[in-house]
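Working notes, beginning with the structure itself.
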Amino acid sequence: MSEEFGDSLPLGRYAALQYLQYAVSTVKDRALPRIGDGQKPVQGRILYSMWDNGTRAGSKRVKSAAVVGDVLGRFHPHGDQSVYDALVRLAQDFSMRYPLIDGQGNFGPPAGAEAVF
């Protein structure tokens, strides 16, 4: 491991090295879009779940909660907020050049827009 300590490392140094490896792995595997399709893994899971359940252009609309629940149950056990945020971004024309989901209802205003009451 380290020539300075032989085969052992102080716990603090070991934890720092392991955390750095975990952080790099997390950024590469979850936060950055893939080169092949430009999607983050959670976005791909959402689109696959919708395809697998028969949700396509022209089909009957489904609730966001149904899609989020299916993705959480089958593919992405990391919490519903990250899945819902990714689902909303897939429907926003100001977040993606070409929205991949046709959202119905309130999918949020552009950043900096005034709220209308």
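Every read-out reported here was derived from the displayed coordinates using simple, explicitly stated rules and does not represent laboratory data. These numbers come from a predicted model, not from an experiment. Positions of Cβ are backbone-derived with ideal geometry, glycine not excepted, and every protein chain shown enters the neighbour counts.
Points to keep in mind about this one:
- Residue count for region 54-105, restricted to those that are in a loop (DSSP other than H, G, I, E, B), touching a helix residue (DSSP H, G or I) at 6+ places or on another chain (Cβ under 9 Å) and of a type in the set (Phe, Trp, Tyr): 1.
- Residues satisfying the stated conditions in region 90-107, i.e. under 17 Å from Tyr48 (Cβ atoms) and in contact (Cβ under 8 Å) with a residue 24 or more places away in the chain: Leu90, Leu100, Ile101
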